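Contents: one structure, followed by commentary.
The values are calculated or read from the model by the stated rules, or taken from the named source; none is laboratory data. Since the model is a prediction, treat every value here as computed from it, not as a measurement. Here the Cβ positions follow ideal geometry from the backbone for every residue, glycine too, while neighbour counts run over all protein chains shown.
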Amino acid sequence: MISVSDHALIRFLERVAGIDVEAVRSAIAAGLARPVNMAERLGGGDYTIKIDGAVYVVKSGTLVTIMDRVRQPKHVFDGGPFDD
């Protein structure tokens, strides 16, 4: 079986499936604008944002991954009491 790179997957979505990847990228950035601005006012750097059960991992100003509830690390603070 052939392996498919992330680059090839994105090109498939754009060129074959007709998905506007840049529009998706812009929508993600727009949806994170408020919490990103708040994080940057607190010093920025590396941080996580939890919205609707998804965890957005930001490193040096770049969104590097998004995790669902199953994959999120235990140390992510969701605004509630700590579960240690």
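Do we have E14 as at pLDDT 95 or above and charged (D, E, K, R) here? Here the answer is yes, as E14 does meet what is asked.
What number goes with the only condition from (1) under 11 Å from the mean Cα position of the chain (by Cα); (2) exposed (fewer than 12 other Cβ atoms within 10 Å of the Cβ); (3) among the β-branched types (V, I, T); (4) at pLDDT below 95 that T62 does not pass? Every listed condition holds for T62 apart from (4). Among the residues making up region 30-51, a single one is touching a residue at least 24 places away in the same chain (Cβ under 8 Å) and assigned to a helix (DSSP H, G or I): L32. For region 1-23, enumerate the residues that are assigned to a helix (DSSP H, G or I) and either under 13 Å from L63 (Cα atoms) or charged (D, E, K, R) (or both). Hits for region 1-23 are D6, R11, E14, R15, E22.
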